[in-house]
Amino acid sequence: MNELRRNILKSAGAAGVVAMAATAGLLKSGNALAAWNSNAFAAKSSAEAIKDLGLPTPADSKAITIKAPDIAENGAVVPVEVLSTLPGTTNIVIISEKNPTVLIADFKLSNGAEGFVSTRIKMAQTSMIRAVVAAGGKTYTAAKEVKVTIGGCGG
Amino acid sequence: MAEPMKMRASISGDVADIKVLMNHPMESGQRKDAKTGQIIPAHFIDEVHATLNGKPVLDAQWGGGVSKNPYLGFKVKGAKAGDKVEISWKDNKGESNKVDGVVS
């Protein structure tokens with residue numbers, strides 16, 4: 001009797017491990033496919049967001065240019081442009097480091113799309129805007145400080 | 001239903017410069033209603049897709065940190081006048097919209 005019970009427990013445990021591994025795998029590939037990455041968008045720090053996006057720790061790069069105002073009077077609308085001259089740029093991620101959730105947007109580029117995106121973001125307070133770029137299987141980053149006069153997240 | 005989107009795609013050399021304006025409140029779910037003190041529920045575009053002649057060129061995931069009435073600009077190399085551009089979005093409530101146009 002005891003033996004049977006143990007076996008059942010064992011197999012249940014094994015199944016659990018397999019299920020967990022499968023989930024972890026799915027989450028990773030989910031980023032490449034369509035599923036919205038709720039973990040990454042809930043991240044409270046850029047390191048956490050980068051990890052949740054399934055990207056390795058990025059290296060600083062001067063080939064990434066962030067164009068944003070030095071001082072943004074209205075944090076609700078901060079224009080941001082990211083330009084990457086790294087060959088084979090496939091991803092551009094925009095992070096505002098002191099927002100309640102830091103990840104703003106994750107762009108995947110393919111079929112001739114250049115390493116460039118331009119958009120407008122909300123910033124809660126003065127902080128670094130960080131761009132993370134995946135190019136040629138590696139990950140790079142650059143950051144620029146934007147001073148915010150009136151934050152654009154509360155209200 | 002969502003209001004119309006605006007899109008412009010202009011060619012410069014062999015690079016299409018594509019600019020899109022979307023109409024959306026982009027509520028992050030962090031804001032409180034000034035009168036009631038209640039949190040305004042999140043309502044934001046979470047996915048944007050763009051194709052050039054039917055081929056995907058940009059696939060984005062967004063959070064509530066993109067500004068209200070979002071603007072998106074991007075560039076595609078190897079394009080020419082007459083190429084067909086289609087941009088679509090969907091939001092966290094399942095609403096969606098799209099716009100198409102021609103590179104000129």
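Measuring from label point to label point, each 7 Å out along Cα→Cβ, what is the A:Asn111 to A:Thr126 span in nm?
4.5 nm
Just the number, please: carbon plus sulfur as a percent of the accessible area of region B:6-102, 1.4 Å probe, no ligands or DNA/RNA counted.
So the carbon and sulfur contribution to the accessible surface is 50 percent.
Could you please state, rounded to a whole Å, how far the C-alpha centre of region A:80-102 is from the C-alpha centre of region B:89-104?
For region A:80-102 versus region B:89-104, the Cα centre distance is 22 Å.
Just report the Cα centroid separation between region B:55-71 and region A:113-145, whole Å.
Each part's Cα centre sits 13 Å from the other's.
So who's got an amide H within less than 5 Å of the one on A:Ala43, skipping anything under 5 residues away but keeping other chains? H placed 1.01 Å off N, in plane.
Those qualifying (amide H under 5 Å, at least 5 residues apart or on another chain) are A:Val102, A:Leu103.
Can you pull the accessible area of A:Met128 for me, 1.4 Å probe, Å² to the nearest 10?
For A:Met128, solvent-accessible area is about 70 Å².
What does the accessible area of B:Glu27 come to, in Å² to the nearest 10, when a probe of 1.4 Å is used?
30 Å²
The values are calculated or read from the model by the stated rules, or taken from the named source; none is laboratory data. Bear in mind that the values here come from a model prediction, so they are computed numbers and not experimental data. For neighbour counting, all protein chains shown are included, and Cβ atoms are generated from backbone atoms with ideal geometry for every residue, glycine included. In case anyone asks, the SASA skips ligands and DNA or RNA and just uses the protein heavy atoms, side chains included. Shrake-Rupley method; radii C 1.70, N 1.55, O 1.52, S 1.80 Å.
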